[in-house]
1. Might you check whether a residue that is surrounded by 18 or more Cβ atoms within 10 Å (Cβ to Cβ), in the same structural domain as R439 (by TED's automatic domain parsing) and of a type in the set (S, T, N, Q) occurs anywhere in the stretch 275-282?
2. All but one of (1) under 30 Å from L389 (Cα atoms); (2) touching a helix residue (DSSP H, G or I) at 6+ places or on another chain (Cβ under 8 Å); (3) buried (at least 21 other Cβ atoms within 10 Å of the Cβ) hold for G93; which doesn't?
3. Look through L42, L11 and report the one residue that is buried (at least 21 other Cβ atoms within 10 Å of the Cβ) and assigned by TED's automatic domain parsing to the domain that holds F146.
4. Just to be sure before I move on: is R408 within 19 Å of D269 (Cβ to Cβ), surrounded by 18 or more Cβ atoms within 10 Å (Cβ to Cβ) and out of contact with any strand residue (DSSP E or B) (no Cβ under 8 Å at 6 or more places or on another chain) in the structure I sent?
5. I'd like to verify a number: residues in the stretch 416-467 that are surrounded by 15 or more Cβ atoms within 10 Å (Cβ to Cβ) and of a type in the set (S, T, N, Q), how many?
6. Filter the stretch 251-272 down to the residues that are touching a residue at least 40 places away in the same chain (Cβ under 8 Å) and not in a strand (DSSP E or B) and list them by number.
7. What are the residues in the stretch 153-179 that are aliphatic (A, V, I, L, M) and either touching a Ser or Thr at 6+ places or on another chain (Cβ under 8 Å) or within 16 Å of V91 (Cβ to Cβ) (or both), if any?
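The values are calculated or read from the model by the stated rules, or taken from the named source; none is laboratory data. Bear in mind that the values here come from a model prediction, so they are computed numbers and not experimental data. In this analysis, Cβ positions are derived from the backbone assuming ideal geometry, glycine residues included, and neighbour counts consider all displayed protein chains.
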Amino acid sequence: MNNKIYPFKFLDSYTAEDKDIFFGRDEEVQQLYQMIYQSDILLLYGASGTGKTSLIQCGLASQFQKHDWLEIFVRRNKNLNESLNKSLIAVGGKSNQATEESADLDWLNDLMVEEEVDVSTKTLSETQLFLKNIYLKHFRPIYLIFDQFEELFILGSKKEQSEFIATIQEILKVDQPVKLIFSIREEYLGSLYEFEKIVPELLRKKLRIDPMNLEKVKGVVLGATQSEKSIVHINEAEGEAIAEQIFEKIRGKEKTLTIQLPYLQVFLDKFYRHISKDKSKTPTTEATYTLAALSEIGDIDDVLRDFLDEQIVEIAIKKDCDRKTIWKILSPFVTLDGTKEPIGIDTLSQHFPDITKVLIEDVVIALMDNRILRYMEEENLYEIAHDSLALRIAEKRSDDEIALLEVRNLIKSQSLLKDEARELFSEKQLGFISPFLERLKLSSEEGKLIEESRVKVALVQKEVRRKKLITQISIAVFILTLLGLLLFFWQQKNKLGISLTEATASEAKAKASEATARASEAKAKASEAKARASEATARASEAKARASEAKATASEAIATALEATATASEATATKH
């Protein structure tokens with residue numbers, strides 16, 4: 001009997017049953033194992049496709065004995081609070097047997113927490129009671145694992161988030177050994193802000209999972225191909241070189257120091273099928289990796305995009321339909337943020353009234369067979385196999401598809417709210433929505449919301465028109481009143497202008513007479529001044545004549561004196 005297995009999970013996560021073929025994460029497994037004993041809450045984060053789920057489901061789980069590990073995996077699906085309750089009930093949270101055992105074994109709780117002997121099951125919340133029942137049924141430590149926790153913030157409402165945080169507060173108060181592990185994409189760490197404010201220990205113990213470097217890639221390739229349980233082998237002499245070339249092919253021209261795990265898994269699967277020609281979902285054909293076979297694959301651009309393109313072409317040929325139709329059907333499985341969104345067939349049919357339900361079902365099944373979609377049996381939903389594929393699908397969307405998805409999300413988000421919280425669409429929103437309505441199959445509630453919004457917008461527009469008319473009339477009345485006042489003031493101004501002109505003329509005449517009088521007075525003063533000037537001139541002439549006369553008198557006196565002197569001299573001479 002051949003017990004060998006295919007070691008590569010493609011885009012599926014590894015579970016505890018795969019521990020013999022899980023390689024490349026030994027260091028992270030040990031870190032996680034040590035940290036889980038240090039806190040009741042552990043946060044695991046990393047980029048999409050780093051293998052967070054496999055690290056918990058396979059790596060961490062394989063470190064425990066069965067009696068030390070009771071894992072309860074919880075995904076949001078449609079609502080995280082409802083999914084948590086369903087998961088707890090599924091493992092005995094609400095079973096009659098567990099309830100009876102709980103009643104019979106209350107003394108165990110008394111021994112474990114003597115100081116709380118007065119606390120009865122009646123004071124427990126539903127979630128706390130579920131956990132108590134589960135522990136009394138299994139007597140194993142409970143590990144609540146919230147996988148892809150970012151979905152709560154991408155798809156969940158504020159109410160769903162607040163209810164979940166309150167539930168976590170309740171869980172942290174239970175007496176039973178319960179550990180909480182949250183796995184989230186690192187780009188959504190900021191979304192935990194409100195959560196951490198209420199539960200401060202949320203980020204105290206956290207572990208980041210990095211992409212695969214060369215050494216880890218070697219660990220995966222060599223580990224999987226050298227395992228005795230593997231149907232895939234490797235030429236031992238070429239092992240290191242093969243692992244290095246695989247790493248080089250996947251990272252391509254970018255020459256990064258790491259590669260994404262989904263790319264590695266898809267490439268290893270592609271490499272195997274190239275050698276074995278085994279196209280089955282669960283391969284059994286043994287194959288050996290060699291450098292020669294690896295060189296036949298040649299250079300690759302984007303292994304995930306290539307895979308998607310190849311599968312879409314294959315499905316289009318099988319189903320005799322256009323490739324655009326398949327991409328169109330795939331689009332709603334991916335959010336606007338490029339993450340997975342689980343959807344059922346009925347909901348998918350409502351998205352595309354122009355595509356028959358039979359074709360939609362056929363395409364969905366084909367996508368599942370080709371490992372692009374996976375079926376969630378408990379919820380009767382389908383989802384993209386991996387977030388890495390979701391990103392590639394989002395890249396394929398046209399602007400029209402993005403707008404259609406935005407419209408669908410806008411209508412859906414409002415229709416799901418309670419009446420008191422719901423807001424009708426504005427005129428601008430209806431303008432954005434209207435071109436796409438014919439392509440949407442609305443529920444009765446959604447149709448009612450659109451109609452109520454239209455009625456409201458019509459009333460608002462009517463009120464706007466009424467107010468506009470009132471405003472226009474008011475402006476017209478104001479203008480007419482203003483014109484009337486202007487005419488009145490103009491007439492008054494004219495009347496006042498005539499009176500002012502007459503008064504001004506009289507005043508000017510008076511001023512002219514006054515000026516004439518002043519001129520005559522000035523003329524008289526000028527004549528008087530002239531007369532005074534003539535008189536002054538006459539006086540000056542008289543003074544000049546007197547001065548000449550005085551000068552002549554002085555000359556005469558001098559001559560007399562000289563004559564007297566001469567006479568005196570003569571007399572003196574005679575005497576001698």
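1. Of the stretch 275-282, the ones surrounded by 18 or more Cβ atoms within 10 Å (Cβ to Cβ) are 275-276.
Okay, now just the ones that are also in the same structural domain as R439 (by TED's automatic domain parsing), so none.
No, the stretch 275-282 contains no residue that is surrounded by 18 or more Cβ atoms within 10 Å (Cβ to Cβ), in the same structural domain as R439 (by TED's automatic domain parsing) and of a type in the set (S, T, N, Q).
2. Checking G93 against (1) under 30 Å from L389 (Cα atoms); (2) touching a helix residue (DSSP H, G or I) at 6+ places or on another chain (Cβ under 8 Å); (3) buried (at least 21 other Cβ atoms within 10 Å of the Cβ), the one that fails is (1).
3. Numbers: L11 fails: assigned by TED's automatic domain parsing to the domain that holds F146.
Exactly one residue qualifies, and that residue is L42.
4. Working: within 19 Å of D269 (Cβ to Cβ): no; surrounded by 18 or more Cβ atoms within 10 Å (Cβ to Cβ): yes; out of contact with any strand residue (DSSP E or B) (no Cβ under 8 Å at 6 or more places or on another chain): yes.
The answer is no for R408.
5. Of the residues in that region, 2 qualify.
6. The initial filter retains those residues of the stretch 251-272 that are touching a residue at least 40 places away in the same chain (Cβ under 8 Å), namely 252, 257-266, 268-269, 272.
Matches in the stretch 251-272: G252, L257, Q260, L261, P262, Y263, L264, Q265, V266, L268, D269, Y272.
7. To start, the set of residues in the stretch 153-179 that are aliphatic (A, V, I, L, M) comprises 154-155, 165-166, 168, 171-172, 174, 178.
Scanning the stretch 153-179 gives I154, L155, I171, V174, V178.
So that you can scan it fast, the table gives a plain yes or no per residue for (1) assigned by TED's automatic domain parsing to the domain that holds I56; (2) out of contact with any Leu (no Cβ under 8 Å at 6 or more places or on another chain):
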{"site": "D147", "(1), (2)": "yes, yes"}
{"site": "E150", "(1), (2)": "yes, yes"}
{"site": "I181", "(1), (2)": "yes, no"}
{"site": "K197", "(1), (2)": "yes, yes"}
{"site": "K218", "(1), (2)": "no, yes"}
{"site": "A224", "(1), (2)": "no, no"}
